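Asker: I have a structure here, written as structure tokens, and I will follow up with some questions on it.
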């Protein structure tokens, strides 16, 4: 699986998505990166800005994939900078388009373990598993 098909172009995501809040929590040594609905451009700028401040995002334990895993919100350029162990995608059980295979395949190509939550529950369940040592 050497190829991913995510576009690196600055395709149109809404202004609201590109200014979405991106938060990195470090809790007892675990780094948790929440990206809201950040678009490719916003996420790339956040990652490079964090790097410029000396905050590397090369080793988070957890990534909440933006905007239900939409192909418009991740790029190969961003994934090459994020060396995340676990990628978590919240997707509706009634929306077979999310997440698209190209997104899950790209995440796997970049060495991420991918979980898709179609239960309607939040990422809190997975965070509790992190606390108990169940996801690394």
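The values are calculated or read from the model by the stated rules, or taken from the named source; none is laboratory data. This structure is a prediction, so every number in the text was calculated from the model and none was measured. Glycine also receives a Cβ, built like all others from the backbone with ideal geometry; neighbour counts cover every protein chain displayed.
Asker: Based on what the data block shows, is residue 63 modelled with pLDDT of 90 or more, buried (at least 18 other Cβ atoms within 10 Å of the Cβ), in contact with a strand residue (DSSP E or B) (Cβ under 6 Å, 6 or more places away or on another chain) and not in a strand (DSSP E or B)?
Answerer: On the way: modelled with pLDDT of 90 or more: yes; buried (at least 18 other Cβ atoms within 10 Å of the Cβ): yes; in contact with a strand residue (DSSP E or B) (Cβ under 6 Å, 6 or more places away or on another chain): yes; not in a strand (DSSP E or B): no.
So residue 63 does not fit the description; no.
Asker: Something else about it: Condition check: under 21 Å from residue 117 (Cα atoms) and either assigned to a helix (DSSP H, G or I) or more than 11 Å from the chain's Cα centre (by Cα) (or both). Does residue 92 satisfy that?
Answerer: On the way: under 21 Å from residue 117 (Cα atoms): yes; either assigned to a helix (DSSP H, G or I) or more than 11 Å from the chain's Cα centre (by Cα) (or both): yes.
The answer is yes for residue 92.
Asker: Step by step: first the residues of region 40-60, then only those that are part of a helix (DSSP H, G or I) and free of Cβ contacts under 8 Å to residues at least 24 places away in the same chain, then the one that is farthest from residue 100 (Cα to Cα). Which residue is that? Walk me through it before giving the result.
Answerer: Of all residues in region 40-60, those part of a helix (DSSP H, G or I) come to 40-52.
Applying the additional criterion that residues be free of Cβ contacts under 8 Å to residues at least 24 places away in the same chain yields 45, 49, 52.
Numbers: 45: 24, 49: 28, 52: 32 Å.
For region 40-60, the residue satisfying everything is 52.
Asker: Considering only region 35-60, how many residues are surrounded by fewer than 19 Cβ atoms within 10 Å (Cβ to Cβ), at pLDDT 85 or above and out of contact with any helix residue (DSSP H, G or I) (no Cβ under 8 Å at 6 or more places or on another chain)?
Answerer: Summing the residues that are surrounded by fewer than 19 Cβ atoms within 10 Å (Cβ to Cβ), at pLDDT 85 or above and out of contact with any helix residue (DSSP H, G or I) (no Cβ under 8 Å at 6 or more places or on another chain) in region 35-60 gives 7.
Asker: Restricting attention to region 66-89, report how many residues are surrounded by fewer than 22 Cβ atoms within 10 Å (Cβ to Cβ) and not in a helix (DSSP H, G or I).
Answerer: Qualifying residue count, region 66-89: 7.
Asker: Of the residues in region 90-112, how many are surrounded by 15 or more Cβ atoms within 10 Å (Cβ to Cβ), in contact (Cβ under 8 Å) with a residue 40 or more places away in the chain and touching a strand residue (DSSP E or B) at 6+ places or on another chain (Cβ under 8 Å)? Talk me through it step by step, then tell me what you get.
Answerer: Narrowing region 90-112 to residues surrounded by 15 or more Cβ atoms within 10 Å (Cβ to Cβ): 90-91, 98-100, 102-107, 109-110, 112.
From the residues that got through so far, the ones that are in contact (Cβ under 8 Å) with a residue 40 or more places away in the chain too are 102-103, 105-107, 109-110, 112.
Subset that is touching a strand residue (DSSP E or B) at 6+ places or on another chain (Cβ under 8 Å): 103, 107, 112.
Here the count works out to 3.
Asker: Would you be able to say whether some residue in region 99-109 is modelled with pLDDT of 85 or more, in a loop (DSSP other than H, G, I, E, B) and within 23 Å of residue 18 (Cα to Cα)? Please lay out each step first, then the result.
Answerer: Taking region 99-109 and keeping what is modelled with pLDDT of 85 or more, we get 99-109.
When the remaining residues are screened for being in a loop (DSSP other than H, G, I, E, B), the result is 99-100.
Checking the rest, the ones that are also within 23 Å of residue 18 (Cα to Cα) come to 99-100.
Checking region 99-109: at least one residue is modelled with pLDDT of 85 or more, in a loop (DSSP other than H, G, I, E, B) and within 23 Å of residue 18 (Cα to Cα).
Asker: Please enumerate the residues belonging to region 65-84 that are in contact with a helix residue (DSSP H, G or I) (Cβ under 9 Å, 6 or more places away or on another chain) and either under 13 Å from residue 104 (Cα atoms) or in contact (Cβ under 8 Å) with a residue 60 or more places away in the chain (or both). If you could, list the steps in order and put the result at the bottom.
Answerer: Step one: filter region 65-84 for residues in contact with a helix residue (DSSP H, G or I) (Cβ under 9 Å, 6 or more places away or on another chain), giving 65-67, 69-79, 81-82, 84.
Of everything in region 65-84, those that are in contact with a helix residue (DSSP H, G or I) (Cβ under 9 Å, 6 or more places away or on another chain) and either under 13 Å from residue 104 (Cα atoms) or in contact (Cβ under 8 Å) with a residue 60 or more places away in the chain (or both) turn out to be 65, 66, 69, 70, 71, 72, 73, 74, 75, 76, 77, 79.
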